[in-house]
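Structure record follows, encoded as structure tokens.
The values are calculated or read from the model by the stated rules, or taken from the named source; none is laboratory data. Since this is a predicted model, take the numbers as computed values, not measurements. All Cβ positions, glycine included, derive from the backbone under ideal geometry; neighbour counts span all protein chains shown. With ligands, DNA and RNA removed, areas are computed over all heavy atoms of the protein, side chains included. Shrake-Rupley method; radii C 1.70, N 1.55, O 1.52, S 1.80 Å.
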Amino acid sequence: MTVFSYQVSEEEAGARLDKYLSEKPELPSRSYLKRLIEEQQILVDGSPAKGNYRLQEGKAITVYLPEPKELSVEAEPMDLDILYEDQDLLVVNKPKGLVVHPAAGHESHTLVNGLLEHCQGNLSGINGVLRPGIVHRIDRDTTGLLLVCKNDASHAAIAEQLSTHSITRRYHAIVHGVLTEDGTIDAPIGRSPLDRMKMAVNEKNGKRAVTHYHTLEPLKKFTYVECRLETGRTHQIRVHMASIRHPLLGDTVYGPQKPPFPLEGQTLHAKVLGFIHPGTGQYMEFEAPLPEYFERLLGRLRL
């Protein structure tokens, strides 16, 4: 167990305990800290405190951080929507709500668990035991195409294409507001200085990120768009579109917290994926149809 100790300064007095701790870079995420508070592993002057506790100058805060558990990934039978497969790789159409690989809070029932069963363990190992075969990711609530590598040679070749931005990745999305012109957003993305759980346009510490957007169809109060990624930063499309005041419909992290329709996460679909096959050297391109919920929503917005 690791123990962190702090003493509240005059400037820090009045802050909420959970917010105070979330700004400490050496501590884990805010959601994990919330769990530690519930488990009474965070003490103020030796007594458990709630997350909304207002700090007082001179108070001593102690955080007991358990040693991380060694996660093991087991194969699970899963109904995967596989658009293409050969001895080197496969292209999967990921449904909404499916986490790509195991992590704290999602130790099982992920895409990786299903891939281990389907591929009988024949997946690349470059990204370690928790991410076999995974060379790029999409968010849990983003649907669409994902490329999975079965061996290290194909993984290395695809990773090189990603680093040189030669892979085709086109996403379809519905954004708030009416967009009448196409455009390019060239703005660095990094961890938000205000909330460690979020990404943000960060000129100081961000990495270069480029998104090209194209208007497919103006809708009443919304726009159906296509976004082409030149780079692949975490939450790139979500952050970039929010930065120009056109956040994705359903995105309660970077957009309105109460979307006008009952949705589970952002309306974002990885529709087109193109790459040079590492074994044959031939360019291949795949397209995944819009999920049913997306089609229904478009029909409703067209009325």
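Results, tabulated for the structure shown:
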read-out	value
Principal axes of the chain: Cα extent on each, largest first, Å	65, 48, 35
Among Ala103, Ser124, Leu147 - extreme Cα towards positive end, dipole of region 73-148, charges at beta-carbon	Ala103
Nonlocal amide H pairs with His277, under 5 Å, H built at 1.01 Å	Gln282, Tyr283, Met284
Filter on Lys50/Lys258; Lys19/Lys207; Lys34/Lys198; Lys19/Lys221; Lys204/Lys258; Lys150/Lys271 - keep pairs with C-alpha separation over 28 Å	Lys19/Lys221; Lys204/Lys258
The chain, relative contact order [Cα under 8 Å, separation at least 6], %	14 percent
1.4 Å probe accessible area per residue over the chain, in Å²	52 Å²
Between 0 and 90°, nearest 10: helix 152-163 axis offset from the chain longest Cα axis	80 degrees
Estimated FRET transfer efficiency when R0 is 45 angstrom, pair Lys59-Gln87 (beta carbons, to 0.05)	0.15
Of Gly177, Gly133, Gly14, the one that fluctuates the most in a GNM where the chain has Cα springs shorter than 10 Å	Gly14
Cα-centre dipole for region 164-222 with unit charges at Cβ (Lys and Arg positive, Asp and Glu negative), debye to 20	340 debye
Sequence-distant residues sharing a close amide H with Asp88 (under 5 Å, placed H)	none
At q = 0.11, 0.12, 0.21 Å⁻¹, base-10 log of I(q)/I(0) for region 193-297 (Debye sum, equal scatterers on each alpha carbon)	-0.43, -0.50, -1.25
Projected-area average for region 121-199 over all orientations - Cα convex hull basis, square nanometres	7.8 nm²
Portion, in percent, of the accessible area of region 79-207 that falls on carbon or sulfur, probe 1.4 Å	47 percent
Cβ charges +1 (Lys, Arg) and -1 (Asp, Glu), total dipole of region 105-206, debye	200 debye
Proximal aspartates and glutamates relative to Lys59, as straight alpha-carbon distance under 18 Å, when same-chain residues fewer than 8 apart are discounted	Glu10, Glu11, Glu12, Asp18, Glu23, Asp45
